[in-house]
Amino acid sequence: MNRIALTSLSLAALGAAGMAHAQSSVTLYGTIDTSLTYINHAQGNQNQWSLGNSSNGNLSGSRWGLKGAEDLGGGLKAIFQLENGFNPSTGGLGQGGRIFGRQAFVGLTAEQYGSLTLGRQYDPLIDQVQGITEDNYFGSAFATAGDVDNYDNSFRVNSAIKYTTPVFSGLQAEVMYAFGGVPGATSAEQAWAGAVAYNNGPLSLAGGYFYAANSQATVGLRTDGWTSTSDGTFDGPINTGYASAHSLSIARAAAQYAIGQFTLGLGYSNSQYAPDSSSVFRDTERYNTGQGFVNYQLSPALLLGLGYSYTHANGDTSASYHQVSIGADYNLSKRTDIYMTAAWQHASGETGDGSGGSMPAEASIGSYGYSGTNTQTMVNLGLRHKF
C-alpha cells in the first residue's frame with residue numbers, strides 16, 4: 001500500500017507546529033471499496049440491485065485515516081491513529097455517524113516492551129484471530145451468518161485500554177479492558193478481552209475470548225436494546241432479537257496452513273447472548289459456528305477462494321444456517337484490484353423476534369443485514385483502490 005508521509009516541513013505548513021519534530025512522522029492512508037451488488041431475497045421475496053454496501057465494505061471497509069509516531073528516545077515512541085469509515089456510494093459517515101468511527105487512539109510503544117494504547121479500538125480477537133480467517137482475504141461475503149461472532153469486525157470498543165506484547169518466537173498476546181463509565185456500577189457496559197496468536201512459517205494459530213456487558217437492568221423490559229462500551233453485533237434478522245441481552249460473550253479459534261499455492265484454514269466460534277430481568281427473552285441464545293476455506297494463488301495477480309460456514313443456534317430458540325461462498329480477486333496494480341464474490345445461504349428453524357416470541361429463521365448473508373426468506377444469494381462485482 002502506498003501511503004503519503006507528511007514530513008516536518010509539510011506539517012509546519014499545515015500549522016501543526018506541535019507535531020513538527022525531526023523524529024516525528026504522520027501518514028495519510030485510505031481504501032475505497034465499492035461494488036455492483038445483486039441480492040436475491042434482499043427483503044422477503046424482493047430482489048435488489050445496488051451500488052456499494054455502506055462502510056462495511058466487501059473486501060475492505062472504505063476508510064481514510066491518519067497515523068503517526070514520535071521518537072521519545074530509548075526505544076520508546078508515542079503513537080496515534082485516527083480512522084474514519086464512510087460509504088463511497090453516498091459519502092456518508094459510517095459506524096453510526098462517528099467522524100473517526102473505525103479507530104481513534106493514542107499510546108506508547110517500545111520494541112522490547114510492547115504497546116499500550118487508549119481510545120476506540122479493535123478488540124484482541126480482531127487483531128490476533130481475524131487475520132488468519134477468510135475474512136482477511138474476501139471480506140463480508142465469507143462472514144458468519146449475521147456476523148454473530150464479529151467475524152467481519154462489525155463493532156469496535158470505546159474507552160478501551162489495550163496492551164500488546166512483543167513477538168516472542170512467533171508468539172504474541174493481547175489483552176483489553178474497556179470502562180463502562182456508569183457511576184456506582186463498574187460492571188455495567190464494560191468490556192474485556194484477550195487473545196493469543198502463533199505464527200511460524202506456513203502455520204498460524206490463534207484464539208481468544210471477548211465479553212461485553214449491556215446497560216444496567218431496569219424495571220420492566222430493556223427497551224433501548226444494546227447500550228455498551230462495545231458497539232455490539234446485530235446485523236439483520238439472525239440475532240437482532242437478542243439486542244436486549246445482559247451480556248455478549250465470544251470465544252474464537254482459527255488455524256491456517258500454507259502449502260505451495262494453496263492456503264487452508266479452519267475456524268470455530270461460540271457466541272452467547274445471556275439475558276437478565278430486563279431482557280425480552282429468558283434463555284441464553286448460543287451460536288456455534290464452524291468454518292473452513294481454501295484459497296488458490298493461480299497467478300501472482302489472481303487469488304481464488306472457496307469457503308463454507310455452518311452456524312447452529314440453540315437455547316432460547318433453535319436454528320441452523322448453511323453458507324457457501326466463492327471469491328476471485330485480481331490485482332491490476334499494487335494499489336488497485338477488481339473482484340467478484342458470491343454467497344448462498346440457507347436457514348431453517350426459528351429465531352427470536354425481539355418481543356419475547358419467535359419467528360421462522362431468515363437467511364441473511366454475512367454482516368450485510370438483509371432479511372431474506374429461508375434462502376438468500378448475493379453477488380458482488382467490485383473495485384478497490386488503496387492509497
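Values in this text are rule-based calculations from the coordinates and carry no lab data. Given the structure is predicted, the values throughout are model-derived calculations rather than measurements. Note that each Cβ is placed from the backbone with ideal geometry, even for glycine, and that neighbours are counted across all protein chains shown.
Number of residues in the range 108-126 that are closer than 21 Å to F155 by Cα and outside any helix (DSSP H, G or I): the value is 8.
Once the range 135-147 is narrowed to residues that are of a type in the set (A, V, I, L, M, F, W, C) and touching a helix residue (DSSP H, G or I) at 6+ places or on another chain (Cβ under 9 Å), the residue that is farthest from L248 (Cα to Cα) is F142. Within the range 127-149, the set of residues being in a loop (DSSP other than H, G, I, E, B) and surrounded by fewer than 24 Cβ atoms within 10 Å (Cβ to Cβ) is empty.
Within the range 267-294, count every residue that is assigned to a loop (DSSP other than H, G, I, E, B) and not polar (S, T, N, Q). Break it down into steps so the answer makes sense when it comes.
Residues of the range 267-294 assigned to a loop (DSSP other than H, G, I, E, B): 275-284.
Next cut, not polar (S, T, N, Q) only: 275-276, 280-283.
Residues flagged as assigned to a loop (DSSP other than H, G, I, E, B) and not polar (S, T, N, Q) within the range 267-294 amount to 6.
Scan the range 347-367 and tell me whether some residue there is surrounded by 23 or more Cβ atoms within 10 Å (Cβ to Cβ) and closer than 22 Å to T263 by Cβ. Yes - at least one qualifying residue is present in the range 347-367.
Taking the conditions (1) farther than 30 Å from A363 by Cα; (2) not in a strand (DSSP E or B) in turn, D152 satisfies each one other than (1).
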